[in-house]
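S.K.: Input: one structure, supplied below.
The values are calculated or read from the model by the stated rules, or taken from the named source; none is laboratory data. Treat the numbers as computed from the prediction; the structure is a model and nothing was measured. No Cβ is skipped: glycine too gets one built from the backbone with ideal geometry, and neighbour counts run over all protein chains shown. Calculation scope for accessible area: heavy atoms of the full protein, side chains included, ligands and nucleic acids excluded. Shrake-Rupley method; radii C 1.70, N 1.55, O 1.52, S 1.80 Å.
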Amino acid sequence: MWRGLWTLAAQAARGPRRLCTRRSSGAPAPGSGATIFALSSGQGRCGIAVIRTSGPASGHALRILTAPRDLPLARHASLRLLSDPRSGEPLDRALVLWFPGPQSFTGEDCVEFHVHGGPAVVSGVLQALGSVPGLRPAEAGEFTRRAFANGKLNLTEVEGLADLIHAETEAQRRQALRQLDGELGHLCRGWAEALTKALAHVEAYIDFGEDDNLEEGVLEQGGSTWWWGRKTPHISPQRLPSLSLSACLLSPTADIEVRALEVALGAHLRDARRGQRLRSGAHVVVTGPPNAGKSSLVNLLSRKPVSIVSPEPGTTRDVLETPVDLAGFPVLLSDTAGLREGVGPVEQEGVRRARERLEQADLILAMLDASDLASPSSCNFLATVVASVGAQSPSDSSQRLLLVLNKSDLLSPEGPGPGPDLPPHLLLSCLTGEGLEGLLEALRKELAAVCGDPSTDPPLLTRARHQHHLQGCLDALGHYKQSKDLALAAEALRVARGHLTRLTGGGGTKEILDIIFRDFCVGK
């Protein structure tokens, strides 16, 4: 039904398009004079639907569709009767809001129509807007793209808005809001300003190094610094008394700044995978010997019957995956075959796939039967999987592990019976749910380490594009330090600054912008 509504509106505007196409925008630039309109609220019957316009003809469209025809006060809701401009037939009684540019989301004149959410009402208003000269249906992401083009949002804020729209967990929402608020953009602009200042001093030193008008100590004031052995420009003998040896050959201040920037960039690049895991989901694998309760735990954490639970060992023979929200973090939860020497080729293949998933896991939930710790399968699992992951240095390992002893309801009050020495572990009963709160809290802490904590951590790099430009900046700073010539050092600083500028949107190519904006639907 909603596709039919959009088709009617598109035909009225002589520009048929689908409601939620996700393709490269071929729309004119915001300054081209086109005014766009779209349904911006969700699809389906609802109490209120929001239809909005953006462009120079927005005020004209508002006057044509409403009675009285004068524009309401800016940014004040006004109750108006909407009528079809061709027939004069009433369409709805709605709230309208007028946002004159540049004080609007897109920076252009904008109008919002808050109409009743019935399909017939929405269809009528869309068709009426399509009949107004100068209006056409918006393409995917076109409102946000105009906001970017008009300087209302930088590219990292646009990405934060897209992530906020698609956020499914609490942690994703917090991270997206921080990026939409401009935290990553502000950080990159601060770095770029430091490089701009350093570059200005280097170029001044190149151009005016022999000029007595160059201020004393200009290099110490935050400009570039030169290592011993680097080629330096000729300095006139008259200036030697006023310049210290360190100013002539080695100015420590700027090299300290560059080293500090390298440290900051390196720290963010090492954390890049955390931000990407937060955006796309961490991989949590449940593993253990047969009949340890892995499938029961997966069903308990996902709150739905993902896996078949049976007392027969080896029930799960393939990897079963389901996306879940664990303690506010996005997770791809994998149930795997019990690790043992398979009795048949099918189970052996299941064990092979389980071990393959273990290597890809960000967090391993290692499960054992608490009432059967002395069995050969439990001892072998502790020696091969738990011990090997636990032996890795936390700073060097990309994997983390939680050991869970299931079936605690079968234990005596004294706890687990005789068995091998156990590392730190959690007791759980998937049957009664006892110990689940403690497991969820432990998962929250582990996932905060794996994905980053948006409440406390510095801005995270959530996309490969961010990592690419920061790595390019870091590489350019390495060339700066190695350069033996002032002109080459200045060029390295220019390249480094260019990467930071492109990260926030300056100098971005159309292809990159198309990739980013195609994630938006029509109306945003």
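S.K.: Within the range 81-99, can one find any residue that is open to solvent by 20 Å² or more (accessible area, probe 1.4 Å) and closer than 30 Å to Arg189 by Cβ?
M.R.: yes
S.K.: Going by the structure shown, is Arg3 modelled with pLDDT of 50 or more, outside any loop (DSSP other than H, G, I, E, B), of a type outside the set (Phe, Trp, Tyr) and closer than 17 Å to Gly130 by Cβ? Full working, then the answer.
M.R.: On the way: modelled with pLDDT of 50 or more: no; outside any loop (DSSP other than H, G, I, E, B): yes; of a type outside the set (Phe, Trp, Tyr): yes; closer than 17 Å to Gly130 by Cβ: yes.
So Arg3 fails the test.
S.K.: Please verify whether Ser24 is open to solvent by 30 Å² or more (accessible area, probe 1.4 Å), of a type outside the set (Phe, Trp, Tyr), at pLDDT 75 or above and part of a loop (DSSP other than H, G, I, E, B), treating the condition exactly as stated.
M.R.: Values: open to solvent by 30 Å² or more (accessible area, probe 1.4 Å): yes; of a type outside the set (Phe, Trp, Tyr): yes; at pLDDT 75 or above: no; part of a loop (DSSP other than H, G, I, E, B): yes.
When the stated conditions are applied, Ser24 does not pass them.
Residues checked against (1) at pLDDT 85 or above; (2) in contact with a Lys or Arg (Cβ under 8 Å, 6 or more places away or on another chain):
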| residue | (1), (2) |
| --- | --- |
| Cys451 | yes, yes |
| Gln467 | yes, no |
| Leu477 | yes, no |
| Asp485 | no, yes |
| Val495 | yes, no |
| His499 | yes, no |
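S.K.: So Gly506 fits all but one of (1) over 17 Å from Gly151 (Cα atoms); (2) modelled with pLDDT under 70; (3) open to solvent by less than 40 Å² (accessible area, probe 1.4 Å); what number is the exception?
M.R.: (1)
S.K.: Sticking with this structure for a sec: Taking the stated definitions as given, is Leu373 open to solvent by less than 30 Å² (accessible area, probe 1.4 Å), out of contact with any His (no Cβ under 6 Å at 6 or more places or on another chain) and in contact (Cβ under 8 Å) with a residue 24 or more places away in the chain? Show your work before the answer.
M.R.: Details: open to solvent by less than 30 Å² (accessible area, probe 1.4 Å): yes; out of contact with any His (no Cβ under 6 Å at 6 or more places or on another chain): yes; in contact (Cβ under 8 Å) with a residue 24 or more places away in the chain: yes.
Criteria met by Leu373.
S.K.: Now a separate question. Could you tell me how many of the residues in the range 307-334 are among the small types (Gly, Ala, Ser) and touching a residue at least 60 places away in the same chain (Cβ under 8 Å)? It would help to see each step written out before you state the result.
M.R.: Start the filter on the range 307-334 by keeping residues that are among the small types (Gly, Ala, Ser), which leaves 307, 310, 314, 327-328, 334.
This time we only want the ones that are touching a residue at least 60 places away in the same chain (Cβ under 8 Å), so: 327-328.
Final tally of qualifying residues: 2.
S.K.: Just to be sure before I move on: is Ala176 within 30 Å of Leu82 (Cα to Cα) and at pLDDT 90 or above in the structure I sent? I'd like the intermediate steps shown before the answer.
M.R.: Values: within 30 Å of Leu82 (Cα to Cα): no; at pLDDT 90 or above: yes.
Taking the combined requirement at face value, the residue does not satisfy it.
S.K.: I'm trying to understand the selection: among the residues of the range 100-143, which are of a type outside the set (A, V, I, L, M, F, W, C), closer than 22 Å to Leu184 by Cβ and surrounded by fewer than 24 Cβ atoms within 10 Å (Cβ to Cβ)?
M.R.: If the condition is that a residue be of a type outside the set (A, V, I, L, M, F, W, C), closer than 22 Å to Leu184 by Cβ and surrounded by fewer than 24 Cβ atoms within 10 Å (Cβ to Cβ), then Gly107 is the only one that fits.
S.K.: Another one. Taking the condition in a loop (DSSP other than H, G, I, E, B), under 30 Å from Leu153 (Cβ atoms) and modelled with pLDDT under 95, does Pro85 pass? First the steps, then the outcome.
M.R.: Values: in a loop (DSSP other than H, G, I, E, B): yes; under 30 Å from Leu153 (Cβ atoms): no; modelled with pLDDT under 95: yes.
No.
S.K.: What is the residue count in the range 48-82 for residues that are part of a strand (DSSP E or B) and more than 31 Å from the chain's Cα centre (by Cα)? Reasoning before the result, please.
M.R.: Narrowing the range 48-82 to residues part of a strand (DSSP E or B): 48-54, 66-67, 74, 78-82.
From what's left, more than 31 Å from the chain's Cα centre (by Cα): 66-67, 74, 78-82.
So the answer is 8.
S.K.: Identify the residue in the range 446-469 that is within 12 Å of the chain's Cα centre (by Cα) and aliphatic (A, V, I, L, M) and, among all such residues, is surrounded by the fewest Cβ atoms within 10 Å (Cβ to Cβ).
M.R.: Across the range 446-469, the extreme among qualifying residues is Ala464.
S.K.: Looking at (1) open to solvent by 20 Å² or more (accessible area, probe 1.4 Å); (2) within 14 Å of Cys451 (Cβ to Cβ); (3) touching a residue at least 12 places away in the same chain (Cβ under 8 Å); (4) assigned to a helix (DSSP H, G or I), which one does Ala171 not meet, given that it meets all the others?
M.R.: Going through (1) open to solvent by 20 Å² or more (accessible area, probe 1.4 Å); (2) within 14 Å of Cys451 (Cβ to Cβ); (3) touching a residue at least 12 places away in the same chain (Cβ under 8 Å); (4) assigned to a helix (DSSP H, G or I) one by one, Ala171 breaks only (1).
S.K.: A further question follows. Taking the conditions exactly as written (touching a Lys or Arg at 6+ places or on another chain (Cβ under 6 Å), of a type outside the set (Val, Ile, Thr), at pLDDT 80 or above and in a loop (DSSP other than H, G, I, E, B)), does Pro290 satisfy them or not? First the steps, then the outcome.
M.R.: Working: touching a Lys or Arg at 6+ places or on another chain (Cβ under 6 Å): yes; of a type outside the set (Val, Ile, Thr): yes; at pLDDT 80 or above: yes; in a loop (DSSP other than H, G, I, E, B): yes.
The answer is yes for Pro290.
S.K.: Okay, moving on. Out of everything in the range 89-124 that is more than 35 Å from the chain's Cα centre (by Cα) and of a type in the set (A, V, I, L, M), what residue ends up being farthest from Leu161 (Cα to Cα)? Walk me through it before giving the result.
M.R.: Step one: filter the range 89-124 for residues more than 35 Å from the chain's Cα centre (by Cα), giving 89-94, 120-121, 124.
From what is left, the residues that are of a type in the set (A, V, I, L, M) are 91, 94, 120-121.
Values: Leu91: 33, Ala94: 28, Ala120: 30, Val121: 29 Å.
Step by step, filter the range 89-124, then rank; the result is Leu91.
S.K.: Which one of these is farther than 19 Å from Arg274 by Cβ and in contact with a Ser or Thr (Cβ under 7 Å, 6 or more places away or on another chain): Asp335, Asp325?
M.R.: Values: Asp325 fails: farther than 19 Å from Arg274 by Cβ.
The match here is Asp335.
S.K.: For Leu368, all conditions in the list (1) assigned to a loop (DSSP other than H, G, I, E, B); (2) within 19 Å of Leu401 (Cβ to Cβ) hold save one; what is the number of the exception?
M.R.: In the conditions (1) assigned to a loop (DSSP other than H, G, I, E, B); (2) within 19 Å of Leu401 (Cβ to Cβ), Leu368 misses (1) alone.
S.K.: Within the range 335-346, which residues are touching a residue at least 12 places away in the same chain (Cβ under 8 Å) and either surrounded by fewer than 20 Cβ atoms within 10 Å (Cβ to Cβ) or in a loop (DSSP other than H, G, I, E, B) (or both)?
M.R.: The initial filter retains those residues of the range 335-346 that are touching a residue at least 12 places away in the same chain (Cβ under 8 Å), namely 335-340, 342-343, 346.
Once the filter is applied, which keeps residues that are touching a residue at least 12 places away in the same chain (Cβ under 8 Å) and either surrounded by fewer than 20 Cβ atoms within 10 Å (Cβ to Cβ) or in a loop (DSSP other than H, G, I, E, B) (or both), the range 335-346 yields Thr336, Ala337, Gly338, Leu339, Arg340, Gly342, Val343, Val346.
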